[in-house]
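Reading through the structure tokens given below for one structure.
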Amino acid sequence: MRRLRGQERAITGNQQTSWAFADVFVAEDEALRWARDRAYEAGLTSVSNGTGGALRLLAAAVDAKAVAEIGTGTGVSGIHLLHGMRPDGVLTTVDSDPECQQFARQAFRAAGFAGNRARFIPGRALEVLPRLADGGYDLVFCDGDRMESLDYLAESLRLLRPGGLVCFEGVFADGRTVDSAVPPAEVQRLRELLRAVRESTALVPSLLPVGDGLLCAVRRGPV
């Protein structure tokens with residue numbers, strides 16, 4: 001039955017159970033559990049199983065050879081991306097915390113990836129990204145400072161080849177993005193990001209309800 005515009009279907013208990021099942025559908029191995037434990041100890045939030053599985057799928061779907069990651073963390077998202085990438089693919093991952101990147105190195109090694117599969121660059125994303133090659137990446141994954149989201153989008157459009165993917169983690173902001181209350185600055189910035197991606201003529205967008213929300217878009221062609 002067709003619903004009228006503006007009418008929303010109620011979320012049932014069965015739907016919530018189904019979403020929870022989907023979020024744990026991709027099983028974690030020992031390396032992923034180790035990396036997630038290190039993140040917990042450091043007070044960091046890692047991507048969920050469902051988000052990681054989606055990243056793995058998307059990297060495989062675009063046959064990714066070159067991926068840029070903003071926010072290394074302790075390597076949870078990086079392991080998923082590497083699993084989806086081509087065997088000769090290289091993940092370039094940027095983070096301002098070198099100690100976390102050392103944990104990620106260990107996690108990648110424990111997951112069976114050779115050292116040349118990842119390039120670790122310490123530093124602020126907006127200082128590092130301009131040094132990366134135009135059109136040289138198949139996928140850009142953004143899990144950094146929410147206040148810099150629009151800047152990440154601009155850099156991603158430059159970095160991506162036509163047909164490449166950009167993904168933003170955490171766009172639901174624990175439900176605050178759709179809350180009617182006056183939002184904090186970072187949530188307002190996420191709303192601006194969502195609007196910019198949805199209205200861009202250079203992007204084909206989708207918002208995936210995995211983890212805390214995964215905003216994805218394919219770069220259609222020249223910006």
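The values are calculated or read from the model by the stated rules, or taken from the named source; none is laboratory data. Bear in mind the structure is a predicted one, so any value in this text is a computation, not a measurement. No Cβ is skipped: glycine too gets one built from the backbone with ideal geometry, and neighbour counts run over all protein chains shown. Side chains are part of the model used for accessible areas, which takes the heavy atoms of the whole protein and leaves out ligands, DNA and RNA. Shrake-Rupley method; radii C 1.70, N 1.55, O 1.52, S 1.80 Å.
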Requested in this report: Can you tell me the FRET efficiency between Arg191 and Glu127 if r is taken as the Cβ-Cβ distance and R0 is 22 Å, rounded to the nearest 0.05?
Outcome: 0.25
Report task. Mind listing the long-range amide H neighbours of Ser48? Cut-off is under 5 Å, sequence gap 5 or more, other chains count too, H placed in the peptide plane at 1.01 Å from N. Result -> Asp212
Requested in this report: Grab the beta carbon distance between Ala60 and Ala110, set R0 = 22 Å, and tell me the FRET efficiency rounded to 0.05.
Outcome: 0.55
Report summary line: Mean-square fluctuation maximum in Gaussian network of the chain, Cα pairs under 10 Å, restricted to Leu129, Leu44, Leu160, hits Leu44
Query raised in the report: Between (i) 54, 32, 30; (ii) 47, 43, 34; (iii) 53, 39, 33, which matches Cα extents along the principal axes in Å calculated for the structure shown?
Result: (iii)
Query raised in the report: In whole percent, how big is the carbon plus sulfur part of the accessible area of region 36-76, probe 1.4 Å, protein atoms only?
Result: 54 percent
Query raised in the report: Along region 186-202, what does the Karplus equation 6.51 cos²θ - 1.76 cosθ + 1.60 (θ = phi - 60°) give for ³J(HN,Hα), rounded to whole Hz, x for Gly and Pro?
Result: 5, 6, 4, 5, 5, 5, 5, 4, 4, 5, 5, 5, 5, 8, 5, 7, 8
Query raised in the report: For the chain, what relative contact order do you get, as a whole percent, if you take Cα pairs closer than 8 Å and at least 6 residues apart?
Result: 17 percent
**Report entry** Residues with amide H under 5 Å from that of Ala64, placed H, sequence gap 5 or more
**Finding:** Arg86
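Å³ per residue of the Cα convex hull, for region 81-187?
Dividing the Cα hull volume of region 81-187 by its residue count gives 129 Å³.
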Query raised in the report: How much accessible area per residue does region 157-223 have, in Å², with a 1.4 Å probe?
Result: 49 Å²
Report summary line: If exposed means trypsin sites (Lys or Arg not before Pro) lying in a DSSP loop and surrounded by at most 10 other beta carbons within 10 Å, then the longest stretch of the chain lacking such sites spans residues 10-223
Query raised in the report: In whole angstrom, how far apart do the alpha carbon centroids of region 17-86 and region 198-223 sit?
Result: 19 Å
Query raised in the report: Tell me, what ³J(HN,Hα) does each residue in region 54-70 have, in order and in whole Hz, if you take phi through Karplus 6.51 cos²θ - 1.76 cosθ + 1.60 with θ = phi - 60° and put x for Gly and Pro?
Result: 5, 5, 4, 5, 5, 5, 5, 5, 9, 6, 5, 9, 10, 10, 10, 10, 9
